[in-house]
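Accompanying notes for the structure given below.
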Amino acid sequence: MSIETISLSGRKKLVSNKEMTFWERLYLVAIVKGLLITIKHFFRKKATIHYPEQVREMSPVYRGQHQLKRDEQGRENCTACGLCALSCPAEAITMKAAERKADEKHLYREEKYAEIYEINMLRCIFCGLCEEACPKDAIYLTTSKVLVPSSYEREDFIFGKDRLVMPLDVAIKNAQLNNAN
């Protein structure tokens, strides 16, 4: 078996250099086929959605804005283990771990916490692998339709803890809902 006949994908085709006929050189047949496809699409239902009046149905697996969770006491769940940053295929997550001080027990659950936690939204592909890799269930992608606001500055697309940490009132509501269930 020669190297020319081996195909790893199974889609290898042998191309021949046969001479084109007169009609093939005119390209009339190809043009007519293209026009028929275009005419066929004229009579199909349009996929246009008139945005402010109509809202598109979101997919059940939709992943929106990132958020760092808090527990029922308002402490951050993130322990700066770095698994989310390691699992990110786009390398969009950076973090710096720090040791918790004695007077910060009301802010962080564990002895180690993420002093700096940043996600570069220009790199992020919203795959959800960071969410799946987190052992403490600290980061998740919300179902909000707001993704990343537009801007002209690159620095505006780097979300720090100030924009990622869940608001305290939302954390308390989540804890009440979990306790009710």
Subset tally (residues that are over 12 Å from the mean Cα position of the chain (by Cα) and of a type outside the set (Ser, Thr, Tyr)) for segment 111-139: 14
Those residues of segment 152-179 which are of a type in the set (A, V, I, L, M, F, W, C) and in a loop (DSSP other than H, G, I, E, B), in sequence order: 166
Residue within segment 155-162 that is modelled with pLDDT under 90, touching a strand residue (DSSP E or B) at 6+ places or on another chain (Cβ under 9 Å) and either of a type in the set (Lys, Arg) or open to solvent by 100 Å² or more (accessible area, probe 1.4 Å) (or both) present: no
Residue in segment 66-84 that is β-branched (Val, Ile, Thr) and within 30 Å of residue 172 (Cα to Cα) present: yes
Test set (1) outside any loop (DSSP other than H, G, I, E, B); (2) farther than 26 Å from residue 174 by Cα - residue 123 fails condition number: (1)
Filtered residue count, segment 59-117, keeping only those that are closer than 15 Å to residue 160 by Cβ and of a type in the set (Lys, Arg): 1
Only one of 61, 55 that is within 30 Å of residue 175 (Cα to Cα) and under 35 Å from the mean Cα position of the chain (by Cα): 61
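Quick grid of which residues meet (1) aliphatic (A, V, I, L, M); (2) open to solvent by 100 Å² or more (accessible area, probe 1.4 Å); (3) under 31 Å from the mean Cα position of the chain (by Cα):
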{"residue": "18", "(1), (2), (3)": "no, yes, no"}
{"residue": "32", "(1), (2), (3)": "yes, no, no"}
{"residue": "46", "(1), (2), (3)": "no, yes, yes"}
{"residue": "89", "(1), (2), (3)": "no, no, yes"}
{"residue": "106", "(1), (2), (3)": "no, yes, no"}
{"residue": "109", "(1), (2), (3)": "no, no, yes"}
Residue in segment 113-120 that is at pLDDT 85 or above, more than 22 Å from residue 64 (Cβ to Cβ), open to solvent by 70 Å² or more (accessible area, probe 1.4 Å) and among the aromatic types (Phe, Trp, Tyr) present: no
Of all residues making up segment 66-87, the number that are in contact (Cβ under 8 Å) with a residue 60 or more places away in the chain, closer than 18 Å to residue 123 by Cα and open to solvent by 20 Å² or more (accessible area, probe 1.4 Å): 1
Residue check, residue 149 open to solvent by less than 80 Å² (accessible area, probe 1.4 Å), part of a loop (DSSP other than H, G, I, E, B) and not small (Gly, Ala, Ser): yes
Residue check, residue 169 free of Cβ contacts under 8 Å to residues at least 12 places away in the same chain and closer than 30 Å to residue 56 by Cα: yes
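The values are calculated or read from the model by the stated rules, or taken from the named source; none is laboratory data. Please read these numbers as outputs of a predicted model, since none were measured by experiment. So basically every Cβ, Gly included, is an ideal-geometry build from the backbone, and we count neighbours across all protein chains shown. The area values use the complete protein model at the heavy-atom level, side chains included, leaving out ligands, DNA and RNA. Shrake-Rupley method; radii C 1.70, N 1.55, O 1.52, S 1.80 Å.
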